[in-house]
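Read-outs throughout are calculated quantities, based only on the coordinates presented, and are distinct from any laboratory measurement. Here the structure is a predicted model, which is why all the values come from computation and not from measurement. FYI the Cβ positions are ideal-geometry reconstructions off the backbone, even for glycines, and counts take in every protein chain you see.
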Amino acid sequence: MEYFRPIWSCMSSLFCGCLHCNDDLTNQGYDPSERTHLLSDTVNNSPALRRTNSENISSDCQSVPKKDDQQNALCRLVQNTAINMIDVGAMDSHNLEHQECDVRIKLYSHRLQQQWSNIQSPSKRVKGILKDIPKPDVYLTLSVNPEDINQMTAAIERVHRALANIKIDHKEAIVVPFRIP
Amino acid sequence: MEQQLEKALNEINSQPDTVGCLITNRQGLCLGAAGKINPKMSGIGMALSEQACKLEPNLNPPTIVLYSGNKRCIIQKDGEITGVIYKESSSN
């Protein structure tokens, strides 16, 4: 908004300064509405009409455009624009302390982050049977190591042989008679 | 009596990457265990192998390999017994 100010001051000086426009124009009871003409006497002063008038009645002094009126109208336009304009740059937000600015930046970025995470969360949810596994692609690409199978086959064979060698050497009588009197 | 079985299990356990092994019978009772393995695992290992065998009843019992991190558990049924071996690879 800062850049707007010099342009504005330039415009004001151009239209009002050199044309001797009074600052109290706004206090003259000028109340614009949708019916109000931007240039008060446009019908008489429009260039097209002026031309026809001057062609038809060249000697008519009434048709001579009044320069002062036009200038006044323009001046009023500029004044009204100035009144209706909202200068954002001059508002409170501009006069924020640097520290306060930082606080607000943090607050806004935090809120943005929250909203962003809310938006992202449904798509981030992992679906599928392997959702509780941190890196499922690692395990999916794994194939059974042939060494493991060989080791297991050899182990089973070894255990079978060992089990076959288990013998029970009975040293006492297997059937023990109960000595019931 | 069971020295040979214990010796066999210790030999299996001394193989590379192997951290534990056990042998269970058809009832899920532990016949012998060696290394870092809970003998109570025998029932679960046997049940897993029994269930896996039901997938293809006409084929030989399958080898089950469970992966978790750098550890893996190999389960194999053969006849009356089921073997369970725990392995842990240093890499991966």
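The alpha-carbon of A:Lys171 sits under 30 angstrom from the alpha-carbons of these lysines, leaving out residues fewer than 8 places away in its chain: B:Lys7.
In the elastic network of chain B, a GNM with C-alpha springs shorter than 10 Å, the most mobile of B:Ser14, B:Ser49, B:Ser68 is B:Ser68. Sites listed here are trypsin sites (Lys or Arg not before Pro) in region A:98-181 whose DSSP assignment is loop and whose Cβ has at most 15 other Cβ atoms within 10 Å: A:Arg125, A:Lys127, A:Lys131, A:Lys167, A:Lys171, A:Arg179. Extension gain for A:Arg104 to A:Ala173 (0.36 nm times residue separation, less C-alpha to C-alpha distance): 15.4 nm.
The simple spin-label model puts a point 7 Å past each Cα toward its Cβ; for A:Glu97 and A:Asn84 those points are separated by 3.9 nm. Does region B:1-88 come out rounded, prolate or oblate, given a ≥ b ≥ c as the square roots of the eigenvalues of its C-alpha gyration tensor, rounded meaning a/c under 1.5 and, failing that, prolate meaning a/b above b/c? Oblate, because a/c is 1.5 or more while a/b does not exceed b/c. Site pair A:Lys135 and B:Tyr67 shows an inter-label distance of 1.0 nm when each label is modelled 7 Å from Cα along Cα→Cβ. The lysines whose alpha-carbon is closer than 17 Å to the alpha-carbon of A:Lys135, local same-chain residues fewer than 8 away aside, are A:Lys124, A:Lys127, B:Lys71.
Between B:Leu66, B:Leu22, B:Leu31, the Gaussian network model of chain B with springs among Cα atoms under 10 angstrom shows the greatest mean-square fluctuation at B:Leu66. Backbone N atoms of region B:31-72 closer than 12 Å to the 7 Å Cα→Cβ label point of A:Ile166 belong to residues B:31-33.
Here the spin labels are modelled as points 7 Å beyond Cα on the Cα-Cβ line, and at A:Asp68 and B:Asn38 they lie 10.7 nm apart.
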